[in-house]
Amino acid sequence: MVRVQQSLFVVLCGELDIAVVDQVRSALREACLDPGSDTIVVARNVSFIDCSVLASLLELRRACLDRGHRWHLVDPPPVMRRLCELLE
């Protein structure tokens, strides 16, 4: 996670599956709980995402929005973008 002014960037890459879901959830939760920050999730280099990570991503997106934070998913692979759209 990297802070740039009022934004926290969480960079996701590689294969995201049950083996890393706790790490992903932890990083996203930390970003979401930071007061006054926008959460920006960069997914440019994600090659695979399973349902456990996708569910965590959408759950924490909702938590950020419920707290009044802005949340952005940047440059996800087309399949990941479509799944997020369908499940929102």
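Every read-out reported here was derived from the displayed coordinates using simple, explicitly stated rules and does not represent laboratory data. Treat the numbers as computed from the prediction; the structure is a model and nothing was measured. For neighbour counting, all protein chains shown are included, and Cβ atoms are generated from backbone atoms with ideal geometry for every residue, glycine included.
Below is a table of values for the structure above.
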| read-out | value |
| --- | --- |
| Candidates Arg44, Arg81, Arg29 - the one that is basic (Lys, Arg) and in a strand (DSSP E or B) | Arg44 |
| Top-ranked residue of the stretch 15-46 - restricted to ones that are among the β-branched types (Val, Ile, Thr) and within 17 Å of Pro78 (Cβ to Cβ), ranked as surrounded by the fewest Cβ atoms within 10 Å (Cβ to Cβ) | Val42 |
| Per-region count, the stretch 47-78, residues in a helix (DSSP H, G or I) and surrounded by 12 or more Cβ atoms within 10 Å (Cβ to Cβ) | 15 |
